[in-house]
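The values are calculated or read from the model by the stated rules, or taken from the named source; none is laboratory data. All of these numbers come straight from a predicted model, not from anything done at the bench. Positions of Cβ are backbone-derived with ideal geometry, glycine not excepted, and every protein chain shown enters the neighbour counts. To get the accessible areas, we keep the full protein, side chains included, count just its heavy atoms, and leave off ligands, DNA and RNA. Shrake-Rupley method; radii C 1.70, N 1.55, O 1.52, S 1.80 Å.
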Amino acid sequence: MALSQPTHDSKAKFLDAALHVIRTKGYAATTIDDICESAGLTKGSFFHHFKGKQDLALAAAAHFSAKTDGAFANAAYRDLPNPINRLLGYVDLRQQLLRREIPEFTCLLGTMVQETYDSNPSIRKACDKGLSGHAALLEQDIADAMRRRKIDADWDAKSLALHIQAVIQGAFILAKSKNGSDVAFECLEHLKRYLKLLFNHAK
């Protein structure tokens, strides 16, 4: 996966540490000391790159979005000729990622926005940008699938793409509440059933 990397290796370490620590502890409970400890770097180095915790969160949101979007854009299912199979392949990949530990498969953006949507507009906007941008990656496949099945409905590709993200984010919340990924896997199985019914598709 070819992604643009932060200019400094130490900055990349802080951003990767933020992805892990915030998904583990939550934004409010995460401290700069936690980030420095996880990155194996000093506070002096931290403040060389970031003004503070919010500045780190904004950079981490962009970093997470770039990594996630790049991984899905280059996944093997993208080569499938049928757009409906590409949608199902997207959900399949989401299920494969559930084999990791909870902090590794859950969403940084979803975690942060739940805590900060009212208290920190800058972080909320950064999370919205990332979540909406990722949903947009699905829109073309959905639009192609609608044309393939000649679907003329009172919903559009954008609304379905956002619905898919809503199911995924909800599945992450349930995984956290149950302290395990089984419930999330089943939620995504239901999502695949729904998509197959919606497009009258037999794989």
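Please name which of Gly52, Thr31, Trp155 has its Cα lying farthest along the dipole of the chain towards the positive end, using unit charges on Cβ (Lys, Arg +1; Asp, Glu -1) and the Cα centre as origin.
Going by the charge dipole, the pick is Trp155.
For the chain, calculate the relative contact order in percent as a whole number, restricting contacts to Cα pairs under 8 Å that are 6 or more residues apart.
Value for the chain: 21 percent.
Could you order Thr42, Thr30 so the one with the most accessible surface comes first? Probe is 1.4 Å.
Sorted descending by solvent-accessible area, the residues read Thr42, Thr30.
Taking the Cα centre of the chain as the origin and placing charges on Cβ (Lys, Arg +1; Asp, Glu -1), which of Thr106, Asn200, Ala12 is farthest toward the positive end of the dipole?
Asn200
Just the number please: accessible area per residue for segment 146-185, 1.4 Å probe, all protein chains included, in Å². Kindly include the intermediate steps, with their values, before the conclusion.
Values: 2540 Å² over 40 residues.
Result: 63 Å² of accessible area for each residue.
Report the net charge of residues surrounding Leu19, where surrounding means a beta-carbon distance below 10 angstrom and charges are Lys +1, Arg +1, Asp -1, Glu -1.
Once all neighbours under 10 Å are counted, the net charge is 0.
Sorted by average packing, counted as other Cβ atoms within 10 angstrom per residue and highest first, what order do 99-108, 56-65 take?
Result, highest mean Cβ count within 10 Å first: 56-65, 99-108.
Label points 7 Å out from Cα along the Cβ direction at His163 and Ala73: separation in nm?
Between His163 and Ala73, the simple spin-label model gives 2.7 nm.
Carbon and sulfur: what percent of the chain's accessible surface (1.4 Å probe)? Show your work: numbers first, answer last.
Values: 5540 of 10800 Å².
Roughly 51 percent of what the probe reaches on the chain is carbon or sulfur.
I'd like to verify something in the chain: which complete DSSP H helices, judged by Cα projection on the helix axis, reach 30 Å or more and average at least 0.5 on the Kyte-Doolittle scale? Numbers along the way, then the final one.
On the way: long enough: 121-148 (40 Å, -0.44); 157-178 (32 Å, 0.77).
Long hydrophobic helices here: 157-178.
Do the alpha carbons of any pairs in Lys13/Lys129; Lys125/Lys150; Lys11/Lys178; Lys13/Lys158; Lys13/Lys196 sit beyond 29 Å of each other, and which pairs?
Where the Cα-Cα span goes over 29 Å, the pairs concerned are Lys125/Lys150; Lys11/Lys178; Lys13/Lys158; Lys13/Lys196.
Quote the charge dipole size of the chain about the Cα centre in Debye, to the nearest 20; the model charges only the Cβ of Lys and Arg (+1) and of Asp and Glu (-1).
300 debye
Would you work out which of Ser65, Pro121, Pro81 lies farthest towards the positive end of the dipole of the chain? Charges go on Cβ: Lys and Arg +1, Asp and Glu -1.
Checked the options; the winner is Pro81.
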